[in-house]
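A short worksheet on the structure shown next.
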Amino acid sequence: MPTRTTPLLAVLACLAIGAATPVAAQGQQPPVPPPPLSALAPANLSKPRPKAPFDLTGTWQHDGQANTWRFVPETFKLTPEAQVHYERGVQALKDGGVYRDDIGQCWPAGLPLIMTRVWPIAMIQLPTAIYMVSHFMNSTRIIYLDGRAHTDPDIVVRTFNGESIGRWEGDTLVVDTKYFPGHHHWLDQGGASVPASEDLHIIERVRMVADGRLDIEYVMTDPKSWEGEWKMTKTFRRRDDTDITEVQCLPDLNDHLPATRSKAIVK
Amino acid sequence: MTRSIIASVGVLVAMAATSIAAHHSPVMFDRSVAKTLVGTVVEFAWTNPHASIQLDVPNEKGGVDRWGVELGSPQSMARTGWRSSILKAGDKVTVVVNPLKSGEFGGIFVSMTLADGRKLGGRATD
């Protein structure tokens, strides 16, 4: 015998069927492809691949002679938007202060500066990826070598080290990195205050030029911040005498340091 | 069309005289000045990426100024003889720093003499 609850049950049943139907089946969205194998999946690691020309596994540190850690060239043309920041940085320097020292305030250094901090970088190379962990704030960088393409820009989560895709060209590892956040990210610290926009694009050409010596050529473009290409080469050397340790940028760290709590910081 | 500007090479060269040896910019320290602080340790923080000392230094007005002294990373300091137990609150020390240009009570470490006469150096900036 029908009851007054029957229509309600019918409606709920229809809703349940609708909820269980994939969006794609409704003809509104294409089917979502299955996710690729992760870089650490055994099935990916065991795929046949040519032997890598060199193995970066080890601890490396930028050969920090003089000011070779810097990534801003001696001459450049900035966009008006970037020029504003640069000039504020120059003025702060003249006043004995520092402009927008976001790294000092615990924002990530990001690529490229993360590569040339004074702290070493632990690198582990697998057939599918290179994992880098900097001693500096334990910043993680992954270079994928398994043939994947860059992530759909509509999906990717932008990060300070960006998304790095590498490929071997002869004896050189070529790494293409993009998808930066476009805020609190700089090409220098305490000097040329040039911002990195979300369009920063970096090509690295990594070569093991000698036992224990790594040269990385950087070619960087960022049409929202400067004109043309910035090109330079950095040298790295093995540090077999040290391990990285856990390092965090914590609020109480900066409370203890005169430089990070100083009123001379221009925000 | 955006207007582009050629940066002054001279300005950039002047900036290049700084180093990047800390997690923050070091340009606010006056490297040409070595200031000697004689005071009492309030706190010694053995922390990454920098160790630090909070130091009470008597001033001319009969009070004390609380100075912050920035040191290097414990890992690098340990290689020059530093230990986490080397300082404790209440210790009397003499510390030489490169002070902040702003005149605030802070500086980056150069050297230290403990009450028993031991001297410690060590890079303050890595």
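Each reported figure results from applying straightforward, stated rules to the coordinates on display, with no laboratory input. The structure displayed is predicted, hence computed values, not measured ones. Because the Cβ atoms are built from the backbone with ideal geometry, glycine has one as well, and the counts that use them run over all protein chains shown.
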* Residues of A:71-80, mean number of Cβ from any other protein chain within 10 Å of their own Cβ, rounded to a whole number? -> 4
* Cα-only radius of gyration and Dmax that characterise the stretch A:106-256, units Å -> 15.6, 49
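Sort B:GLU60, A:GLU163 so the one with the fewest other Cβ atoms within 10 Å of its own Cβ comes first.
Details: B:GLU60 6, A:GLU163 21.
Arranged by neighbour count, lowest to highest, B:GLU60, A:GLU163 become B:GLU60, A:GLU163.
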* Inter-centroid distance (Cα atoms) of the stretch A:114-177 relative to the stretch A:208-262, Å -> 13
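How well do other chains shield peptide B:43-54, expressed as the mean number of their Cβ atoms within 10 Å of each residue Cβ? Please list the in-between numbers first.
Details: counts 1, 1, 5, 0, 7, 12, 12, 7, 2, 5, 1, 3.
Rounded to a whole number, the mean comes out at 5.
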* To do: Report Rg/Rh for the stretch B:9-120, rounded to two decimals, where Rg is the Cα radius of gyration and Rh the Kirkwood radius.
  => 1.00
* To do: Answer with one residue from A:LEU93, A:THR79, A:PRO127: the one whose Cα lies farthest towards the positive end of the charge dipole of the stretch A:58-266, charges on Cβ with Lys, Arg +1 and Asp, Glu -1.
  => A:LEU93
* Can you check what the net charge comes to around B:ASP65, using other residues whose Cβ is under 14 Å from the Cβ of B:ASP65 (Lys, Arg +1; Asp, Glu -1)? => 0
* Farthest positive-ward along the stretch B:9-120 dipole, Cα basis, beta-carbon charges - from B:PRO74, B:GLY63, B:ILE53 -> B:PRO74
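Within the stretch A:193-267, report the GluC sites (Glu not before Pro) that DSSP leaves as loop and that have at most 10 other Cβ atoms within 10 Å.
Details: sites: A:GLU198, A:GLU204, A:GLU217, A:GLU227, A:GLU229, A:GLU246; in loops: A:GLU198, A:GLU227, A:GLU229, A:GLU246.
Of the GluC sites (Glu not before Pro), the ones in loops of the stretch A:193-267 whose Cβ has at most 10 other Cβ atoms within 10 Å are A:GLU246.
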* Dipole moment magnitude, nearest 20 debye, the protein assembly as shown about Cα centre, only Lys, Arg, Asp, Glu C-beta charged -> 260
* Asked: Taking the C-alpha atoms of the protein assembly as shown, how large are the radius of gyration and the largest Cα-Cα span, Dmax, in Å?
  -> 26.3, 100
* Asked: What number, in percent, do you get for the relative contact order of chain A if the mean sequence gap of Cα pairs under 8 Å and at least 6 apart is divided by its residue count?
  -> 21
* What's the average, rounded to a whole number, of partner chain beta-carbon atoms within 10 Å of each residue's beta-carbon in A:245-258? -> 6
* Residue pairs, from the table A:LYS94/A:LYS267; B:LYS35/B:LYS92; B:LYS61/B:LYS101; A:LYS77/A:LYS267; B:LYS35/B:LYS101; B:LYS61/B:LYS119, whose Cα atoms sit over 20 Å apart -> B:LYS61/B:LYS101; A:LYS77/A:LYS267; B:LYS61/B:LYS119
